[in-house]
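Worksheet: the structure to be examined is printed underneath.
Any read-out appearing in this document is the output of simple, stated calculations on the displayed coordinates, not a laboratory observation. Computed from a prediction, not measured in an experiment: that's the story for all the values here. Neighbour counts run over all protein chains shown; Cβ positions are idealised from the backbone, glycine included.
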Amino acid sequence: MPTRPRLTPAMADVRRAVRDALALALPETRGRSHPNPEGEASGDAVMPQDAPLVLVALSGGPDSLALAVALGFEQEKCGVRAGAVIVDHGLQHASAEVAERAAEQARAAGLSPVVVRRVAVTDEGGGPEADARAARYSAFGDVARETGATAVLIGHTLDDQAETVLLGLARGSGARSLAGMRVVTPSHASTSARSPALVRPLLGLRREVVAQSLADQEITPWLDPHNTDETFRRVRVRNTVLPVLEAELGPGVAEALARTAAHLTADADYLDARASDALRAALTPADALDTRVLVSLDSVIRLRCVRMWLVSQLGQPQLSSAHVAAVDELIMNWHGQDALNLPGGSVTRRDSALETRCSPQSPAGIAV
């Protein structure tokens, strides 16, 4: 039997984060596994036969690979079955080989099933990063439904959260964008399908801690060359903006930005609940929006209501504030405008109703 690496602080932090996130996302699984009397190692456990399947969204990079390895180790204790979904965008040289190597590492970590899915990234008008992301998340939803997975685990870290907040500030985004990413985004139903829950166990950990957990186990990740390509805004934020802020303002900027996101989440949740109530009142049996209901709403609630509707109809979670404002013009200043073309489809007003038409490749059904 191969010897297990000695537990280090970084490994312990990542494993604890996985346990805590799954307990939050799937509380019904807690305590369902039991010790294996025939186990050769301390801590071995047996899962119930109906244990839910969860998938790691694995690229082979440090963050997702560390998450996959930790989940493979913790799956019995958490009462889940661990698998992986690997998306090959076909955008880089030897991407198929990278995907297969990631699949081999997932199997070595005890994950099953391991699904490699090749996707075509189409131009949806959101830019290369957003288009690749839309294709990737669509594939996550498809594979989760095919395998019966309850949740997809994403390897975003505290650094990713800080970068997301800064990018939201640069776009002039509202509180929901500045609230960043959630540890758990519940399962979401669209007009076409139901998406799995999204779970981000590593949001409280710095990127270097996650990478160290792999180094401590002598596991080598794939290093995505796009992560050093300064043509991408997120890379510039990561490699230039955040280091300058740390140098000028002192250490702890990333942690402060992550705390800001957490503080804004409660406010955004309250406003989103109000908007969800308004959306139900405005939604017609044909999934159109009744503008007569919307015109009397406060703009804070109305704009959220419009965004929720667009995401559910078009499957594009990265719609900009400008996109939502353009649709709001059809509600508040209607004078016979033509259809609006948006990422994922179009919006048209007919009398007092807003209607959507999806693009053929629109990846509806993923909530983020």
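The mean sequence distance of close C-alpha pairs (under 8 Å, at least 6 residues apart), as a share of the length of the chain, puts its relative contact order at 17 percent. Taking 0.36 nm per residue of sequence separation and removing the Cα-Cα distance, the R4/R118 pair yields an extension gain of 37.7 nm.
With R₀ fixed at 25 Å, the C-beta to C-beta distance from F232 to A262 puts the FRET efficiency at about 0.45. In this label model, E218 and D287 are separated by 5.3 nm, measuring between points 7 Å along each Cα→Cβ vector.
In units of the rule-of-thumb radius 2.2 N^0.38 Å, the chain shows an alpha carbon radius of gyration of 1.04. Packing-based ranking of 61-70, 99-108, 284-293 yields 61-70, 99-108, 284-293, ordered from highest to lowest mean Cβ neighbour count within 10 Å.
Apply the Debye scattering formula to the stretch 49-128, with a single equal point scatterer on each alpha-carbon and no solvent, then give log10 I(q)/I(0) at q = 0.18, 0.27 Å⁻¹. Those come out to -0.71, -1.22, one per q. For the chain, the antiparallel share of DSSP beta bridges with both residues in that region comes to about 55%. Subtracting the Cα-Cα distance of A96 and A322 from 0.36 nm times their residue separation leaves 77.7 nm of extension gain. Treating r as the C-beta distance of M332 and S276 and R0 as 25 Å, the FRET efficiency rounds to 0.75. For the chain, complete DSSP H runs whose alpha carbons reach 18 Å or more along their own long axis and whose mean Kyte-Doolittle score is -0.5 or higher are 9-25, 62-78, 158-171, 253-282, 299-314. Residues H323, H89 in ascending order of nearby Cβ atoms (within 10 Å, fewest first): H89, H323. Legend: Rg and Dmax of the stretch 56-182, from Cα coordinates, 15.5, 44 Å.
Helical content of the chain, expressed as a calculated mean residue ellipticity at 222 nm, amounts to -14500 deg cm²/dmol (DSSP H runs of 4 or more residues, -39,500 (n - 2.57) each, divided by residue number, nearest 500).
Ordered by the number of other Cβ atoms lying within 10 Å of each residue's own Cβ, fewest first, V165, V114 fall into the sequence V114, V165.
Put in order of Cβ neighbour count within 10 Å, fewest first, the listed residues S177, S112, S320 become S112, S320, S177. For the stretch 266-358, the average shadow cast by the Cα convex hull is 5.5 nm², which is a quarter of the hull's surface.
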